[in-house]
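> Encoded as structure tokens, here's the structure I'll be asking about.
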Amino acid sequence: QGDYPPAMKDTILRKSVEQGLRQSRLPRFTPEEVAYIRGTSDFFGLNHYSTNIVAHSDLTGQPTSIFTDQDVNGTVAPEWPRAASSWLFSVPWGMRRLLTYIKQNYDDPEIFITENGWSEEEADPPILEDRGRLCYYMGYIDEVLKAFDLDEVNVRAYTAWSLMDNFEWAEGYTERFGLHSVNFGDPNRPRTPKRSASFYSDVIANNGFPEGADVTERVRGMWPECRGGPAGGATRTPA
């Protein structure tokens, strides 16, 4: 709509007043700026990794941050698998719910999923049998397909994060997100495919999990171990 959501404006204004400020900490757009911005996006770019269970909590008096401004506390279910990153849990159904929410609340835009991935810890020798990442992609891609096929969400692209291990912000090289392992101790930075690389390659080659494909049988074979139940869901990927 060319402006911040009303709930965001109201909440930050209230918190700004509570802090003794004369105006909101959130910058205000002029009507001309709102009119100029509205409808100018070409697509909805989405980075998504995990999901939390949230409940309202009055965080008045806490240090000002993007987190305390929300007035919520987040928790996770004990059965959710956790990656090497302390904040990253595998909750595939959260992806489908988020995609559906975007469709319903943002005028059904074209959605480009620009990041989605799993981390494991730095290890010597490196972790090449990355079952956690394989299970993560299996579940999340299945939920994207359900959103596309069953919920008619306009997903136009999906990008795994990441092609290879890289420098991960404050965690440096201690958390590895890559489909390919990188030896950062070697000046030539040799790259070695992990188990998930072949899986992701097969998904792309088959445009999803079609009946009769080897990748589909591979998913069915691993599903009870990864998800705790029988496989099911959509079979076609976004084109």
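> Of the residues in the range 43-72, how many are at pLDDT below 95 and either open to solvent by 50 Å² or more (accessible area, probe 1.4 Å) or part of a strand (DSSP E or B) (or both)?
Step one: list which residues in the range 43-72 are at pLDDT below 95, which gives 56-72.
With the extra rule that they be either open to solvent by 50 Å² or more (accessible area, probe 1.4 Å) or part of a strand (DSSP E or B) (or both), the set shrinks to 56, 58, 60-64, 66-67, 70, 72.
Qualifying residue count for the region: 11.
> Hey, another quick one. Could you list, in sequence order, all residues of the range 96-140 that are open to solvent by 70 Å² or more (accessible area, probe 1.4 Å), acidic (Asp, Glu) and closer than 28 Å to GLU217 by Cβ?
Here is the first cut: in the range 96-140, the residues open to solvent by 70 Å² or more (accessible area, probe 1.4 Å) are 97, 101, 104-107, 110, 121-122, 124-125, 129, 131.
From the residues that got through so far, the ones that are acidic (Asp, Glu) too are 107, 110, 121-122, 124, 129.
GLU129 - this is the single residue of the range 96-140 that is open to solvent by 70 Å² or more (accessible area, probe 1.4 Å), acidic (Asp, Glu) and closer than 28 Å to GLU217 by Cβ.
> Cβ-Cβ under 8 Å, sequence separation 6+ or interchain: first residue in the range 201-213 and farther than 19 Å from SER162 by Cα, partner of a type in the set (Asp, Glu) and surrounded by 16 or more Cβ atoms within 10 Å (Cβ to Cβ). Which pairs?
What qualifies is PHE209/ASP142; ALA213/ASP202.
> Can you pull out the residues in the range 73-109 that are within 20 Å of ILE141 (Cβ to Cβ), assigned to a loop (DSSP other than H, G, I, E, B) and without any contact (Cβ under 8 Å) to a residue 24 or more places away in the chain?
TRP80
> Open to solvent by 80 Å² or more (accessible area, probe 1.4 Å), at pLDDT below 95 and in a loop (DSSP other than H, G, I, E, B): is that true of ARG14 in this structure?
Numbers: open to solvent by 80 Å² or more (accessible area, probe 1.4 Å): yes; at pLDDT below 95: yes; in a loop (DSSP other than H, G, I, E, B): no.
Criteria not met by ARG14.
> Does THR159 fit the bill of being more than 22 Å from GLY94 (Cβ to Cβ) and among the polar types (S, T, N, Q)?
no
> Quick one: in the range 149-203, which of the residues that are in contact with a His (Cβ under 8 Å, 6 or more places away or on another chain) and crowded, with 17+ Cβ neighbours inside 10 Å is farthest from GLU120 (Cα to Cα)?
So the first thing to find is which residues in the range 149-203 are in contact with a His (Cβ under 8 Å, 6 or more places away or on another chain), and the list is 163-165, 191-194, 197.
When the remaining residues are screened for being crowded, with 17+ Cβ neighbours inside 10 Å, the result is 164-165, 194, 197.
Working: MET164: 12, ASP165: 10, LYS194: 12, ALA197: 14 Å.
Ranking the qualifying residues of the range 149-203, first place goes to ALA197.
> Which members of the range 204-226 meet the condition of being open to solvent by 70 Å² or more (accessible area, probe 1.4 Å) and of a type outside the set (A, V, I, L, M, F, W, C)?
Our first condition is that a residue be open to solvent by 70 Å² or more (accessible area, probe 1.4 Å); within the range 204-226, this holds for 204-205, 207, 211, 214, 217, 220, 224-225.
ASN207, GLU211, ASP214, GLU217, ARG220, PRO224, GLU225 - these are the residues of the range 204-226 that are open to solvent by 70 Å² or more (accessible area, probe 1.4 Å) and of a type outside the set (A, V, I, L, M, F, W, C).
> Taking the criterion of being assigned to a helix (DSSP H, G or I), at pLDDT 95 or above and out of contact with any Pro (no Cβ under 7 Å at 6 or more places or on another chain), would at least one residue in the range 20-31 satisfy it? Spell out how you get there, then give the answer.
First, pick out the residues of the range 20-31 that are assigned to a helix (DSSP H, G or I): 31.
If we keep only those that are at pLDDT 95 or above as well, we get 31.
Checking which are out of contact with any Pro (no Cβ under 7 Å at 6 or more places or on another chain) leaves us with 31.
Yes, the range 20-31 contains at least one residue that is assigned to a helix (DSSP H, G or I), at pLDDT 95 or above and out of contact with any Pro (no Cβ under 7 Å at 6 or more places or on another chain).
> Among the residues of the range 131-166, how many are outside any helix (DSSP H, G or I), more than 17 Å from ASN47 (Cβ to Cβ), without any contact (Cβ under 8 Å) to a residue 60 or more places away in the chain and not acidic (Asp, Glu)?
Kept after step one, since they are outside any helix (DSSP H, G or I), are these residues of the range 131-166: 150-166.
From the residues that got through so far, the ones that are more than 17 Å from ASN47 (Cβ to Cβ) too are 150-152, 154, 164-165.
Going one step further and asking which of them are without any contact (Cβ under 8 Å) to a residue 60 or more places away in the chain, we end up with 151-152, 154, 164-165.
From what is left, the residues that are not acidic (Asp, Glu) are 154, 164.
Here the count works out to 2.
The values are calculated or read from the model by the stated rules, or taken from the named source; none is laboratory data. Remember, it's a predicted structure, so these values are computed and weren't measured experimentally. Neighbour counts run over all protein chains shown; Cβ positions are idealised from the backbone, glycine included. Heads up: the accessible areas ignore ligands, DNA and RNA and are worked out on the full protein's heavy atoms, side chains in. Shrake-Rupley method; radii C 1.70, N 1.55, O 1.52, S 1.80 Å.
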